[in-house]
Each structure stands twice: as C-alpha cells, then as structure tokens.
Amino acid sequence: MKFHVMTLFPEMVEQGLHTSILGRAMDAGIISVNTVNIRDYSEDKHRHVDDYPYGGGAGMVMAAEPIFKCYEALTGVSSPKNASSPVKRTRVVYLTPWGKVFNQEMAKDFAKEEELIFLCGHYEGVDERVLEEIVTDYVSIGDYVLSGGELPSMVMIDAIARMVPGVLTNEESGETESFMNGLLEYPQYTRPEEWHGQKVPEVLLSGHHAKIAEWRMQRSIDRTVQYRPELMDEVELDKKSSKYYRELKKQSDPE
Ligand code: SAM
C-alpha cells in the first residue's frame, strides 16, 4: 500500500515512521511512505505558502494554489471535481479537528485502498476552496487541537498499515487487540510469575486453552465496562459471554 503525505514538514513524517514494525514493512516493500513538501509548489519568490485570513482574525491560512499544484504533481489530476474518467480517484484525507473521529473500523476501511493521500494543515488551517476541490475524507484524531496534521497523519498511517496483510507477523497478529472485536483487550502478563508480591492469574499458567480464552473474554468485558461502557452497546457477544455480561450488570445494578 502506498501512502503519500502532503506536508510542510516532510522530515518529521519520514523520521517518525521509519522505525519498528512500519520500518520493517517499508524495507520489505509491503508499504511505502512518500512525503511531498507543499512549499516546493509555491510560486512566491520567498516560498510563502500562507497568507492573512479574509475577514481578519488571528493567524495565517495555508493558500489553495501550492496545495493544488502539489496534488496535481502527485496524481496527474487537474480537475478532480469534474473528472468524468471511470478511473477511481485516490482518496485524499484532510486531517482536521472538525473531521470524523478516527477509529479502528475506519483504519480497516482505509486499509482496503491501494493508495492514500494525506493533507497536513498548519497555522489556522487551509483555504476552504482547495479542500472542496480535492478532499474526499475529513478525519480528526480526537477532540483537541494540535499544531499541524503531521502527527495525526502518522497516527493514521500506523493504524492503517497494521491492517495491511503482511505488515504484522503471525505472532503480532492484530486479531486479539483492543477494538478488533469491539472490546478492549484483556490484561497481559509476562515473566516472572510473581512480581512485587503479585502473582500471575493461575488460569494463565494452566495450559488449558478454553479456560484461558474464557478468562480473557471476561476480563475484556470487565475492562470495557469500566473504561468504555458505551462500546458495550455495539458489541456482539456469544451466548456464554452474554450470560457473563448479564450477570455482571445484575451485580452492579441489582434493580
Ligand atoms: N483553526 C483550526 C480549527 O480550529 O479547527 C485548527 C488548526 S490547527 C492549529 C493546524 C492543523 O493541525 C489543522 O489544519 C490540522 O491539519 C491539524 N490538526 C490539529 N488538530 C488536529 C486533530 N485533532 N486531528 C487532526 N488534525 C489536526
């Protein structure tokens, strides 16, 4: 899968992604990350990419033209809105605090694409007209404001890449991780068996796979109920787990 990132700070994205699991996947040619410096498409002699906002107000706004030129150079598409060609347009994600909040389902969906383009804003944001022209998806990584779209694009690329076949090894499989089955992950333990007087739960040492699976499912439910109870409204539980959840609810709310 190919990720393209339109940014004013390409080195930040390159340095941040070329390590660990993603670095290995890039070296193996399973994914690639191509950064493009929007400033290279400024026609201003001082390479300016921003200007004052119409109507006044604080800060600067990234101008439409350098971003559009950058998009054109990347895709070869000059009028995306009016494209009559049957060729599917590459999705362009604008990272913005007012977008749809990113989650695992969206990561799985984006991972079906062969190519994705990210547009990182900076300053007060981006001239609305170029967004209307090229953007297909508006995505936020949470209800807070960051200085630029670089970190959000890296967060998204990491989460999406993990869903691309071959990026995780069997041992690292994402199947049992938080959100994959709609629940948070159960507690994990490693050696030693006893640490600071606390023992690893007996069942995990038993070698009894069915009991371990049941224990893990119940602890996942406990944790989800405690930290993200709203997720329980959407989750699909099997018969045994539903029974456990019903009992748990009865205990906390006997009425
Ligand atoms: N004035 C904008 C607003 O109030 O919505 C915030 C601009 S922010 C300082 C600069 C850039 O950082 C944005 O254009 C966007 O690309 C990125 N950004 C900041 N917070 C983000 C978030 N929570 N999710 C995704 N992108 C974000």
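The values are calculated or read from the model by the stated rules, or taken from the named source; none is laboratory data. Just so you know, these numbers come straight off a predicted model, no measurement behind them. Don't worry about glycine lacking a Cβ; one is built from the backbone with ideal geometry, like all the others, and counts go over all protein chains shown.
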**OP:** Name the single residue, out of those in segment 3-47 being among the basic types (Lys, Arg) and not in a helix (DSSP H, G or I), that is nearest to the chain's Cα centre (by Cα).
**Re:** Arg47
**OP:** Could you check, for segment 152-171, whether at least one of its residues is farther than 21 Å from Met1 by Cα and not β-branched (Val, Ile, Thr)?
**Re:** yes
Original post:
Consider Leu151 against the criteria (1) aliphatic (A, V, I, L, M); (2) modelled with pLDDT of 95 or more; (3) surrounded by 12 or more Cβ atoms within 10 Å (Cβ to Cβ); (4) more than 16 Å from the ligand (Cβ to nearest atom): it satisfies all of them except one. Which criterion is unmet?
Top reply: (4)
**OP:** Quick one: which residue in Glu172, Glu105, Glu124 is of a type in the set (Asp, Glu), more than 25 Å from Val77 (Cα to Cα) and either at pLDDT below 95 or outside the structural domain of Ser32 (by TED's automatic domain parsing) (or both)?
**Re:** Glu172
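Here's the yes/no breakdown for (1) under 13 Å from the mean Cα position of the chain (by Cα); (2) in the same structural domain as Gly23 (by TED's automatic domain parsing); (3) within 30 Å of His48 (Cβ to Cβ); (4) at pLDDT below 95:
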{"position": "Phe110", "(1), (2), (3), (4)": "yes, yes, no, no"}
{"position": "Glu113", "(1), (2), (3), (4)": "no, yes, no, no"}
{"position": "Glu128", "(1), (2), (3), (4)": "no, yes, yes, no"}
{"position": "Ile141", "(1), (2), (3), (4)": "yes, yes, yes, no"}
{"position": "Val155", "(1), (2), (3), (4)": "yes, yes, yes, no"}
{"position": "Gln188", "(1), (2), (3), (4)": "no, no, no, no"}
{"position": "His196", "(1), (2), (3), (4)": "no, no, no, no"}
**OP:** Inspect all residues belonging to segment 110-119 and state whether any of them is of a type in the set (Val, Ile, Thr) and either out of contact with any helix residue (DSSP H, G or I) (no Cβ under 7 Å at 6 or more places or on another chain) or near the ligand (Cβ under 8 Å from one of its atoms) (or both).
**Re:** no
Subject >> Index of the failed condition, Ile30 passing every other in (1) surrounded by 15 or more Cβ atoms within 10 Å (Cβ to Cβ); (2) in contact with a strand residue (DSSP E or B) (Cβ under 6 Å, 6 or more places away or on another chain) >> reply: (2)
Subject >> Of residues in segment 183-210 being in contact (Cβ under 8 Å) with a residue 12 or more places away in the chain, in contact with a helix residue (DSSP H, G or I) (Cβ under 9 Å, 6 or more places away or on another chain) and not aromatic (Phe, Trp, Tyr), the one surrounded by the fewest Cβ atoms within 10 Å (Cβ to Cβ) >> reply: Glu193
**OP:** Check Glu65, Glu72 and return the single one that is under 17 Å from Ile134 (Cα atoms) and free of Cβ contacts under 8 Å to residues at least 12 places away in the same chain.
**Re:** Glu72
**OP:** Among residues belonging to segment 107-140 that are out of contact with any strand residue (DSSP E or B) (no Cβ under 7 Å at 6 or more places or on another chain) and among the aliphatic types (A, V, I, L, M), point out the one that is nearest to His4 (Cα to Cα).
**Re:** Ala111
